[in-house]
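The values are calculated or read from the model by the stated rules, or taken from the named source; none is laboratory data. These numbers come from a predicted model, not from an experiment. Using ideal geometry, Cβ is built from the backbone for each residue, glycine included, and neighbour counts are taken over all protein chains shown.
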Amino acid sequence: MEATGISLTTNELASVLALCGYESMASQILNSLDINGETWELDRFIEDTGLSLKSKGLLDENRSSTLVEGLEDLLHVLVQSKRKARCIIKDRVLFIHFIKGDTRTLLQEIRNNTHFFSIYSMEKGFEHILLNHYELVGKSEQAVNDLPTLQLTEAIYDQLHQMDPAVLEAMINDEKIEVLLKQFLSDFKNNEQ
C-alpha cells in the first residue's frame, strides 16, 4: 500500500467506500449525514463528491472501482483492520488501525468533518502521535504519566453508540459515576455518539 497523506471529507469517504464495494459501511455514513434519500439529493451528493474526488486526483477511470490504486488499497486496509485503538478528545477522533502482519499502522484522524489518513511505522512508537492528539506536547513527563486511562471493551463501546441520548445524558449527570468516565461520555455525546 503506497497511499499516505490522503484527506477525505465524510461525504467523500462514503462515496469511495461504495465505489470499493463496501456499500453497508457507506450506507451507515450516509444515514448519519441526514440525506433523506430523495433522488435529487442523492444525485447532487454523487455529483459533488465525484467532482471533489476528481479535483484531488483520486479518480482513475481505467480501474474497475474508478479510484486510484493507493486510495483503494487504503480503503481495504481500513475496512479489514480488526484491531484498532480509538482516541477521543472533544470533537477530534484518532483511530490507529493495526495492519495484520505489518509493522505499519494506518492513522485516521477525524476533525471538522474531514478524515486524514497516513501510514505510520509502529517502530517509531506512539508517544508523539498521542501527545499531539491530546495537545500535551510540551507538558512535563510526569504530567503525562499521571493522566488516567479509561479502557472499554469493544462490546461496551458499541453499546454506547446505540444508547438513547437521554440515558447517556443521565449518566453524564450522575454523581456516582467517576469524573473521567463522565468526561469521556460528554465528549462522546458531543461527537454525536
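Details
- Looking across segment 111-126, just one residue is within 21 Å of Ile89 (Cα to Cα) and of a type in the set (Lys, Arg), and that is Arg111.
- Set side by side, the residues Tyr134, Tyr120 differ, and just one is farther than 22 Å from Ser15 by Cα and at pLDDT 90 or above, which is Tyr120.
- Annotation note: of Arg111, Arg104, Arg92, the sole residue that is closer than 17 Å to Gly5 by Cα and surrounded by 15 or more Cβ atoms within 10 Å (Cβ to Cβ) is Arg104.
- Test: residue in segment 161-168 that is in a helix (DSSP H, G or I) and within 15 Å of the chain's Cα centre (by Cα): yes
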